[in-house]
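For reference, the structure discussed in these notes is given below.
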C-alpha cells in the first residue's frame, strides 16, 4: 500500500522505492532529533504567545513534544525511511501521540527553515564542547612545556638541524596554533548564533509570527534579517568545517613530528604503551598508530569541507535539495575532531621526553653556526662576511670531522685577533638557547614568560 506523504496532495502516483530511499535523509539527520524537537517547542510556544494557535491546541502540542523529548533521551525514538527526514518523522510521531492537532505545529514555517534551525542549534551546541577540549589540550602542552623549559633539542628548517631550541619553546608553538583554533571556533559562534526559524520556505509567512520571540526561546542572539538568506545560508557550517580542517592540519603536523621523534633514528620521545600498538609479526615493534590515525583522518575532514564547498558553489537561491548534503560531512567532522583532540591530549600527557638524547643531538651538528656568526659580528665583522667565514669553517669541519667547538683558539684568532676564550661558551647549545632572549624567542626567560601568559589566558577564559 503506498505511503501517504505529508506533501503528497498534488501527486497522483507514489514514488519509486529506490527514489524514496535516495530522497530520504533520516538515516543521518536523526542526529539532530533533539534539536528538531527543541526548535518545534520554541515555534509552538511562539504560536501560542502570538495567539496564532489557541492555547489549548498549543498546550497539547507542547505536552506531546515534551513526551517525545523524554522518550528520545531515555530509549530513543523509532524512525522510518517512509517519513523521509527528521522533521516529518517527529511530526508523524507527534501525530501518533496527540492526534491531528499535531498538524497545526507546522503553521508559519517550512522544512527549509526547520532544517536550517536544527543545523544552527547543532553547531552552536558543539562549538563550546570543542573549545573546551582544545583548552584541555593546551593545558597539557603548558604542563609539558613547563617541565622542559631547559630541555635542549635541535630546531629544524627543511628537516635539517638549524639552531638549538628549548623543547618547551617547541611545545608552546603548538599552544599558539591551538589558541588560534580556539579563537576561530569562538568567532564561528557569531554566525551559528542566528535564528532562521520563521523564514518559512523562502519568503516569510502571512501569519503574524514573532521571530524575535522564537529566537529568544532558542537562546539565539537574533533572527536572520533576510528570509532568503536564512534558509539558504550554510556559511556557518563552512566556517566550522574550515576551522575543523585547520585544526586537523595543526594536529597532523604535531603527529608528524611525534612520529619522527619516537623513531629509532631520533629517539627524542617515547609514547606510552596505552597510546601505541604492536605488530602481528614483529615482536619488537611499538607503533605510533594513534598519531598516524589522526594524521590520516585529517584528509577526511578536508574532504568534508571540500564536499560542501563544491555542493554550495553553484546553488541558486533559495533552498535546493543539494543542501541535504550539508549534514553528513558536518556530523563526520564533529565525530572526527573531538576524539582526535582527546587522543592528542592523552599522548602529550603520557609521553616520555628523552632529554639526554635531545641535547646530544645538538652537540655534533653545526647548529651553533649562527651563534659563531653572531659572535663574529660583535667583533666588528659585518654579518655577511661573518656568515661567509663560518660557512667555510663548517665546510672544512665537515671534511675533517671537526666541530666548531673543537677548533683551536689560535685558528679563530687568525680570523680576528679579538676572538677570545668566551667563543667556546657561546658555542655551547644550552648557552646558545639561553641567550636568545628577544621577545618570543627560545631563551629560557622568554619561554617562561610565554608559559605564564598562557596560564593567564587559560585561567581568564574558563
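The values are calculated or read from the model by the stated rules, or taken from the named source; none is laboratory data. Everything numeric in this text was worked out from a predicted model, so none of it was measured. Quick reminder, even Gly has a Cβ in these numbers, built from the backbone with ideal geometry, and neighbours come from all protein chains shown.
Exactly one residue out of 392, 385, 420 is assigned to a helix (DSSP H, G or I) and either within 30 Å of residue 290 (Cα to Cα) or in contact with a helix residue (DSSP H, G or I) (Cβ under 9 Å, 6 or more places away or on another chain) (or both): that is 385. When restricted to residues that are crowded, with 24+ Cβ neighbours inside 10 Å and out of contact with any helix residue (DSSP H, G or I) (no Cβ under 9 Å at 6 or more places or on another chain), the stretch 240-260 contains 0.
Do we find that residue 307 is assigned by TED's automatic domain parsing to the domain that holds residue 228, at pLDDT 95 or above and either closer than 29 Å to residue 156 by Cβ or in a strand (DSSP E or B) (or both) in this structure? So residue 307 fails the test.
Every residue, every condition in (1) touching a strand residue (DSSP E or B) at 6+ places or on another chain (Cβ under 9 Å); (2) not assigned by TED's automatic domain parsing to the domain that holds residue 271, yes or no:
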{"site": "351", "(1), (2)": "yes, no"}
{"site": "386", "(1), (2)": "no, yes"}
{"site": "389", "(1), (2)": "no, yes"}
{"site": "398", "(1), (2)": "no, yes"}
{"site": "402", "(1), (2)": "no, yes"}
{"site": "413", "(1), (2)": "no, yes"}
{"site": "426", "(1), (2)": "no, yes"}
{"site": "442", "(1), (2)": "yes, yes"}
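If you go through the stretch 428-462 and keep only what is modelled with pLDDT of 90 or more and outside any helix (DSSP H, G or I), you end up with 428, 435, 436, 437, 438, 439, 440, 441, 442, 443.
Inspect all residues belonging to the stretch 319-332 and state whether any of them is exposed (fewer than 12 other Cβ atoms within 10 Å of the Cβ), over 22 Å from the mean Cα position of the chain (by Cα), at pLDDT 90 or above and not in a helix (DSSP H, G or I). No, every residue in the stretch 319-332 fails to be exposed (fewer than 12 other Cβ atoms within 10 Å of the Cβ), over 22 Å from the mean Cα position of the chain (by Cα), at pLDDT 90 or above and not in a helix (DSSP H, G or I). Of all the listed residues (102, 63), the sole one being buried (at least 18 other Cβ atoms within 10 Å of the Cβ) and either without any contact (Cβ under 8 Å) to a residue 60 or more places away in the chain or not assigned by TED's automatic domain parsing to the domain that holds residue 351 (or both) is 102. Answer with yes or no whether residue 293 is under 18 Å from residue 348 (Cβ atoms), within 13 Å of the chain's Cα centre (by Cα) and outside any loop (DSSP other than H, G, I, E, B). When the stated conditions are applied, residue 293 does not pass them.
Picking from residues in the stretch 406-417 that are touching a helix residue (DSSP H, G or I) at 6+ places or on another chain (Cβ under 9 Å) and free of Cβ contacts under 8 Å to residues at least 40 places away in the same chain, the one that is nearest to residue 454 (Cα to Cα) is 406.
Considering only residues in the stretch 261-292 that are crowded, with 16+ Cβ neighbours inside 10 Å and touching a strand residue (DSSP E or B) at 6+ places or on another chain (Cβ under 7 Å), the one that is farthest from residue 342 (Cα to Cα) turns out to be 268. The number of residues in the stretch 79-95 being in a helix (DSSP H, G or I) and surrounded by fewer than 19 Cβ atoms within 10 Å (Cβ to Cβ) comes to 4.
Based on what the data block shows, is residue 9 over 22 Å from residue 216 (Cβ atoms), at pLDDT 90 or above and in a helix (DSSP H, G or I)? Taking the combined requirement at face value, the residue does not satisfy it.
For the stretch 46-56, a residue qualifies if it is buried (at least 17 other Cβ atoms within 10 Å of the Cβ) and either in a helix (DSSP H, G or I) or at pLDDT below 95 (or both), and the qualifying residues are 46, 47, 48.
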